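The values are calculated or read from the model by the stated rules, or taken from the named source; none is laboratory data. What you are looking at is a predicted structure, and each value in this text was computed from that prediction instead of being measured. Cβ sites come from the backbone with ideal geometry, for glycine too, and all protein chains shown count toward neighbours.
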Amino acid sequence: MKFKIVTGDITGIKSNCLVLGVFSDQNMGPIANAIDRATEGWLKTQIERGNLDCKLKQTLLLPEVPARLACDRILLVGCGKIDDFNRTLYNKVAISALSVLNDQRITAATWALHQPLPQNFDAYTCIWELGI
């Protein structure tokens with residue numbers, strides 16, 4: 001598997017799938033909030049419909065996204081309670097997301113699971129620990 005680090009406006013990054021983390025207290029974090037603002041509340045509406053409780057490792061694949069976004073679909077992944085989120089839970093959530101990507105045969109994705117990452121953790125460490 002190949003990885004590429006990209007920076008810029010998340011709404012303009014072209015991707016087959018954008019992976020976003022959301023917490024059980026409806027805290028979407030800065031990346032998901034940027035998507036929500038760009039889509040005039042569309043993302044939050046998807047969560048509020050009750051299709052995702054944002055419990056740890058719960059997933060929701062949104063196959064159709066507003067035209068304002070450069071991605072083809074969004075994978076929402078529940079991260080549990082924000083105060084409990086740590087390195088171990090990050091790995092569990094990441095494995096859950098990767099499982100969905102694999103099951104759906106999605107070969108390229110933009111990883112924006114959670115920012116900021118848990119303390120003493122970075123994207124390289126996550127990839128290394130998951131054995132990707």
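Hey, any hits in region 31-41 for a residue that's in a strand (DSSP E or B), free of Cβ contacts under 8 Å to residues at least 60 places away in the same chain and of a type in the set (Ser, Thr, Tyr)? Let's see the steps before the verdict.
Restricting attention to region 31-41, the residues satisfying the condition of being in a strand (DSSP E or B) are none.
Checked against the condition, which is being in a strand (DSSP E or B), free of Cβ contacts under 8 Å to residues at least 60 places away in the same chain and of a type in the set (Ser, Thr, Tyr), region 31-41 yields no hits at all.
In region 68-101, of all residues being small (Gly, Ala, Ser) and part of a helix (DSSP H, G or I), the one that is farthest from Ala32 (Cα to Cα) corresponds to Ser99. Residue pairs whose Cβ atoms lie under 8 Å apart, separated by 6 or more positions or on different chains, with the first residue in region 1-30 and more than 12 Å from Ile47 (Cβ to Cβ) and modelled with pLDDT of 75 or more and the second aromatic (Phe, Trp, Tyr) and surrounded by 11 or more Cβ atoms within 10 Å (Cβ to Cβ), are Val19/Trp111; Gly29/Phe23. A Cβ distance below 6 Å, combined with a sequence gap of six or more or placement on separate chains, defines the contacts here; from region 73-92, residues that are surrounded by 14 or more Cβ atoms within 10 Å (Cβ to Cβ) and modelled with pLDDT of 85 or more reach residues that are aromatic (Phe, Trp, Tyr) and not in a strand (DSSP E or B) in the pairs Cys79/Phe23; Cys79/Phe85. Put simply, of Leu69, Leu56, Leu62, Leu101 the only residue that is touching a Cys at 6+ places or on another chain (Cβ under 8 Å), under 25 Å from Gly8 (Cβ atoms) and not hydroxyl-bearing (Ser, Thr, Tyr) is Leu101.
Of the residues Thr45, Thr107, which is surrounded by fewer than 18 Cβ atoms within 10 Å (Cβ to Cβ), modelled with pLDDT of 90 or more and closer than 24 Å to Asp9 by Cβ? Reasoning before the result, please.
Numbers: Thr107 fails: modelled with pLDDT of 90 or more.
Criteria check complete, one pass: Thr45.
Pairing each residue of region 45-66 that is more than 16 Å from Ile106 (Cα to Cα) with any residue that is assigned to a helix (DSSP H, G or I) and charged (D, E, K, R), provided the two are 6+ apart or on different chains, yields C-beta distances under 9 Å for Thr45/Asp36; Leu56/Asp84; Leu56/Lys92; Lys57/Lys92.
Any residue that is touching a helix residue (DSSP H, G or I) at 6+ places or on another chain (Cβ under 6 Å) and among the basic types (Lys, Arg) - is there at least one of those in region 54-64? Yes: one or more hits.
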